[in-house]
Protein chains: 6
Amino acid sequence: MTDSWLPSLITATPQEGFELAITLSRRGVKYTQPDVETLKRLRSDYANSAEALTAASQVVAINFQTVAAANSYWREAALSE
Amino acid sequence: MTDSWLPSLITATPQEGFELAITLSRRGVKYTQPDVETLKRLRSDYANSAEALTAASQVVAINFQTVAAANSYWREAALSE
Amino acid sequence: MTDSWLPSLITATPQEGFELAITLSRRGVKYTQPDVETLKRLRSDYANSAEALTAASQVVAINFQTVAAANSYWREAALSE
Amino acid sequence: MTDSWLPSLITATPQEGFELAITLSRRGVKYTQPDVETLKRLRSDYANSAEALTAASQVVAINFQTVAAANSYWREAALSE
Amino acid sequence: MTDSWLPSLITATPQEGFELAITLSRRGVKYTQPDVETLKRLRSDYANSAEALTAASQVVAINFQTVAAANSYWREAALSE
Amino acid sequence: MTDSWLPSLITATPQEGFELAITLSRRGVKYTQPDVETLKRLRSDYANSAEALTAASQVVAINFQTVAAANSYWREAALSE
């Protein structure tokens, strides 16, 4: 993969940070299985399995820890509002 | 998803922080499977599986680590009581 | 759930902190499956499965990380003994 | 459980810290299944399953993170040798 | 393994850090199963399993936490742009 | 186990730190199943399972977080080169 998709871990809001965590989780999958058609087919599988959805949510949670720490938990943004 | 659901990680009490961790865990699922009807059907499945409930509790625990760190573990709130 | 069950993450001793981690782990389950009768039935299942017990212990370990950090690992309590 | 088994997270050496992490992992199981006979029976099961042993090692690794942080990674002990 | 493959955890950009996290994850596998032919065969298996891909993405997420912390989340790089 | 196998978490290089993380992961298994013959037999099993290898790599990743933090991510070593 030569495209640039992760210039920074800094986001304006916690919600954007959560969405970046989702991007990181999907990229982690895509580096292992780059074929888009295969990914689409598999997505319809795990989107209907409670266990697989929980596992996906766990990867997002781990990546969100990283993004949140990078942004010092957006504490200053909260104060300046 | 364009609605705003995560303006801040700061909460008044540890318990509210724990409830935010639950929200984060459910959102992690919802980004992968946005269809509410499917989610309802799956919930009745995993709410009756010990293994699935433990897995769900684990995602909450990981998200609670993030929220608790963001709030400096509510240490000052405890002192001012 | 409107009852107050988590006023603070601060505990007097590491052992009380570990027991709080167990409470957090069970609450993570209870938010998903609030029905007490169902929980009792499921508990007898996973209390007899090595895999499920290990998974439960893992959630406790993750929550204990949070509680231990909140208490600065009870380092000062150890010094004052 | 009313016995005192966790007076402190501080240990003299990393190896003692690792052994404390093992104790924490077993206690996490024991709080869910206190019956010693059942635990013995289950142990013979998972001690012969690669998957279960890896899962057990993972819980130890998580608890060791906590114990190691509590001891500031035994850095000073290393310097004074 | 005597080759040198990990001289540093420092990378110029978050994306290079993410790719290093992938390298770490693969090396974790390779230390257990060094045979390249076996690894190739297994890769075709898990690259077609949603569950296995999610598990792989989780290991990457954990390693990315380490690499991101090592690089102080590339905060300074972001400021100097 | 009475042998001394973990005198310190400090290593000269990141790669040695990663190898220490592997040692920690194996020791976590060995404390639960000390019998070497059983371990050899089980190793041939999970060395041919993509799922088990990913799980093993995850334990290494968690232990590497600990070792890397203990060594302050080898940042100074990188600067002095």
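Plainly put, the tip 7 Å out from Cα toward Cβ on D:P34 is 2.8, 2.8, 4.9, 4.9, 5.7 nm from that tip on each other copy, the closest given first. Across peptide D:10-22, the mean count of Cβ atoms from other chains lying within 10 Å of each residue's own Cβ comes to 4.
For chain C, the longest principal axis of the C-alpha atoms and the axis of helix C:14-32 are separated by about 30°. Residues with beta-carbon under 14 Å from that of A:R27, excluding A:R27: net charge, scoring Lys, Arg +1 and Asp, Glu -1? Charge balance near A:R27 sits at -2. Could you give me D for chain C, from Stokes-Einstein at 4 °C and 1.567 mPa s, where the hydrodynamic radius is the Kirkwood radius over C-alpha pairs? Units µm² s⁻¹, please. Diffusion coefficient, whole number: 92 µm²/s. The dipole here belongs to chain C: it is taken about the Cα centre, uses +1 on the Cβ of Lys and Arg and -1 on the Cβ of Asp and Glu, and is about 180 debye.
In whole Å, how far is the Cα centre of the stretch A:1-53 from that of the stretch D:13-81? After rounding, the separation between the Cα centres reads 33 Å. Normalised by the number of residues in chain D, the mean separation of alpha-carbon contacts (under 8 Å, six or more apart) gives a relative contact order of 48 percent. Pairs A:K40/F:K40; A:K40/B:K40; B:K30/D:K40; B:K30/C:K40; A:K30/D:K40: which exceed 32 Å Cα-Cα? Going by Cα-Cα distance, A:K40/F:K40; B:K30/D:K40; A:K30/D:K40 fall outside the 32 Å limit.
Label point of B:N48 (7 Å along Cα→beta-carbon): distances to the other copies' equivalent points are 1.9, 1.9, 3.3, 3.3, 3.9 nm, sorted ascending. Between copies, D:S72 shows label-point distances of 1.2, 1.2, 2.1, 2.1, 2.4 nm, shortest first, with the point placed 7 angstrom from Cα along Cα to C-beta.
Both the radius of gyration and Dmax for the protein assembly as shown are 21.5, 63 Å, in that order, over alpha-carbon atoms. Each other residue within a Cβ distance under 11 Å of F:E51 adds +1 if Lys or Arg and -1 if Asp or Glu, for a net charge of -3.
Using the Karplus relation 6.51 cos²θ - 1.76 cosθ + 1.60 with θ = phi - 60°, the per-residue 3J(HN,Hα) values for the stretch B:36-41 come to 5, 5, 4, 4, 4, 4 Hz, with x marking Gly and Pro. Per residue of F:30-37, other chain Cβ atoms within 10 Å of the residue Cβ number 5 on average. Across the stretch D:60-67, rounded Karplus estimates of 3J(HN,Hα) from the backbone phi angles (6.51 cos²θ - 1.76 cosθ + 1.60, θ = phi - 60°) give 4, 4, 5, 5, 5, 4, 5, 5 Hz, Gly and Pro being marked x.
Throughout, read-outs are computed from the coordinates displayed, never taken from laboratory work. Nothing here was measured: the structure is a model prediction, and the numbers come from that model. Ideal geometry is used to build each Cβ from the backbone, glycine not excepted, and the neighbour counts take in all protein chains shown.
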